[in-house]
1. Looking at this structure, is Glu103 acidic (Asp, Glu), over 30 Å from Ala4 (Cα atoms) and open to solvent by 60 Å² or more (accessible area, probe 1.4 Å)?
2. Going through region 207-235 one residue at a time, which ones are open to solvent by less than 80 Å² (accessible area, probe 1.4 Å) and either modelled with pLDDT of 90 or more or assigned to a strand (DSSP E or B) (or both)?
3. Quick check on Arg106: is it within 37 Å of the chain's Cα centre (by Cα) and either farther than 30 Å from Ile121 by Cα or in a loop (DSSP other than H, G, I, E, B) (or both)?
4. Looking at region 149-169, which of its residues are more than 19 Å from Asp123 (Cα to Cα) and either buried (at least 16 other Cβ atoms within 10 Å of the Cβ) or at pLDDT 85 or above (or both)?
5. Identify the residue in region 49-81 that is β-branched (Val, Ile, Thr) and open to solvent by 50 Å² or more (accessible area, probe 1.4 Å) and, among all such residues, is nearest to Asp10 (Cα to Cα).
6. Which of the numbered conditions does Arg198 fail, given that it passes all the others? Conditions: (1) within 29 Å of the chain's Cα centre (by Cα); (2) within 24 Å of Ala134 (Cα to Cα); (3) without any contact (Cβ under 8 Å) to a residue 24 or more places away in the chain.
7. Of the numbered conditions (1) open to solvent by less than 60 Å² (accessible area, probe 1.4 Å); (2) basic (Lys, Arg); (3) assigned to a helix (DSSP H, G or I), Lys130 satisfies every one except a single condition; which is it?
8. Give me a count of the residues in region 170-200 that are surrounded by 16 or more Cβ atoms within 10 Å (Cβ to Cβ), modelled with pLDDT under 85 and not in a strand (DSSP E or B).
Amino acid sequence: LPFASGVLSDIFELQPEDVLEDAAAIFALVHPDDIGHLQGTMNESARTLTPWRDDFRVCRRRRGEIWVEGHSVPKREPDGSILWQGYVQNITERKLAETTLQESERLLQSTLDALSAHLAILDAHGTIIKVNAAWNRFATANQFQGDHHGVGDNYLDVCDAVFGRDSTEAPAVAAGIRAVLAGQRERIQLEYACHSPREQRWFVLRANRFGGDGPVRVVVAHEDVTVRRHAENLVRQSEERYRSLISTARDGIFTLAADGTFRSMN
């Protein structure tokens, strides 16, 4: 290296004079899993004479492993060699923060995917920024508004565009979610039919606004309540048959309370 600053000792635990003749001592400290990629990006930058940037791990002998980010601009010299002018910096803290954030994102996504309800998270404009696996499966299987059902699509626009048999509930859903986004309501709930050619289905939609500070976020959940609705219909049909039998009976039928008052009679 024609020139190396003293900061080299903080990052690589090497002195400038250690690398003036040969930079091999630096490459010897690069993590084995990263050296191949590093050499590839540097070779490509040298071939095209485009700026180089890469991050990689350095295994220091005394102070352990760190993450390093390098930037450099290659320039071809008259003799045909490549002169690199750039810098490297320790980005370990940033990498640790990114890893923590990625772990948090994975935990959130895993939690959402474990739920049976179809979930979507909306931003302040109603744009979908995250969905769970159940949402994707249902939307794909039912071709929900074509392909406009995933991350990046606007949920309110989808509701506004609904026509036909679902056009009664969609405006109410859009209006309710807009009220939640505006802070006029904390949550909304709406039960609706979503029948398919194969079966009758009912869902409950719930939209809840995130509490506390930070950007506006609303969770929209569609929960399948078909089993409950079928059970309620069976109970209602049974009660109707019971009332029909009682009302048409030739005998007088009544219920009498312990205090002697009549509670019901045909």
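The values are calculated or read from the model by the stated rules, or taken from the named source; none is laboratory data. Everything quoted here is computed from the prediction, not taken from an experiment. Note that we place each Cβ from the backbone using ideal geometry, even for glycine, and neighbour counts take in every protein chain shown. Calculation scope for accessible area: heavy atoms of the full protein, side chains included, ligands and nucleic acids excluded. Shrake-Rupley method; radii C 1.70, N 1.55, O 1.52, S 1.80 Å.
1. Numbers: acidic (Asp, Glu): yes; over 30 Å from Ala4 (Cα atoms): yes; open to solvent by 60 Å² or more (accessible area, probe 1.4 Å): yes.
Judged against the criteria, Glu103 is a match.
2. Ala207, Asn208, Arg209, Val216, Arg217, Val218, Val219, Val220, Ala221, His222, Glu223
3. Values: within 37 Å of the chain's Cα centre (by Cα): yes; either farther than 30 Å from Ile121 by Cα or in a loop (DSSP other than H, G, I, E, B) (or both): no.
Here the answer is no, as Arg106 does not meet what is asked.
4. Val162, Glu169
5. Step one: of region 49-81, the residues β-branched (Val, Ile, Thr) are 50, 58, 66, 68, 73.
Then drop every residue that is not open to solvent by 50 Å² or more (accessible area, probe 1.4 Å), which leaves 50, 73.
Details: Thr50: 28, Val73: 23 Å.
Only one residue tops the list, namely Val73.
6. Exception for Arg198: condition (1).
7. Single failed check for Lys130: (3).
8. 2
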